[in-house]
1. Among rounded, prolate and oblate, which fits the stretch 106-192 when a ≥ b ≥ c are the square roots of the eigenvalues of its C-alpha gyration tensor, a/c under 1.5 means rounded, and a/b larger than b/c means prolate?
2. Taking the Cα centre of the stretch 81-127 as origin and charging only Cβ (+1 Lys, Arg; -1 Asp, Glu), how large is the dipole, in debye to the nearest 20?
3. Work out, step by step, the length gained on full extension between Lys120 and Ser174: first 0.36 nm times the residue separation, then minus their alpha carbon distance; give nm to one decimal.
4. How far apart, in nanometres, would the label points at Glu218 and Val182 be if each is projected 7 angstrom from Cα along the Cα-to-Cβ direction?
5. Among 203-211, 215-223, what's the highest-first ranking by average C-beta atoms within 10 angstrom per residue?
Amino acid sequence: MADSNHLSVLNLKKRSGKAGSDREQEKNFAALCALVALGVSTGGLIVSILTLNAANTIANKPMPTLVQTVNGKTMEIKAFDGKVRSDRAIQDFTVKTLTNLFTWRVYLIPTNQDEMRSPKADPGVAIESDGTANLKLPSPVWAASFAISDDFRKDFLGKQLAPLITTLKVLQGSSEVAFVPVSIQDPIEIKTNKPDEKLWKVKIVANLAVRTALNVPETLVPFNKDVYIRAVIPPIMPDVSRLDPKTDLQAVTAIARSAGLEIYGMEDFSKEDLIK
């Protein structure tokens, strides 16, 4: 009987010890789960902080300019940060803008075969000028003039281009002028104290071919200039399928400034400057 009681006590102790061991394992497993959950939560917090920091960095970074191509169009892009521009882009912008500004004719540029056979006369665009009334520019010249900075554009158009075009009676069909580029040097960066400003000087040698009558040979007028260029943020290109790119102000402005550059000054230089 005593042996039976002794065995019962031993069995009870074994069961009690096993139950204690199971509870200890449960406690260890619960602690492990809590530790894993804490690790996952901490990792998620770190990832969130890193993501927020990256998003803040991107938000404060200057938007890439999507215009760095040879032809200046945004459809084929090579993105540059901020206001960086390639030499080729600056040169092409300069030649293209000067060609549009200094090519004057009585007819609008034809857009289809019918207009090529029967060109439309350009009515011109009236501009504001101090002291002189009824000044007009050929439509392509007016459209290209939005590639000029605001502080330079008014005097340049009103005191230089429009009076000369009026004197030559271009819109009356008495004269026409073509811009003929000869050479253009690599842009020279102009140092500035403003870190977000990019300026360049471009030397260009060209001629203006002036013809006053069909039976008179054209005259070549030297056009040697230092052209001052500034990087700007290009406007968002509108849907030109719904706008007239030749007359609608929004479309005209966006197209003229799509290269992210503007001319803010122009002055004569001598040929001797080229060899310095």
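1. oblate
2. Around 80 debye, computed over the stretch 81-127.
3. My answer for the length gained is 17.9 nm.
4. Result for the modelled spin labels: 1.5 nm.
5. 203-211, 215-223
Quick note: the coordinates plus some simple rules give every number you see, no bench work behind them. Not measured: the values here are computed from a predicted model. When we count neighbours, we look across all protein chains shown, and the Cβ atoms used for this are built from the backbone with ideal geometry, even at glycine.
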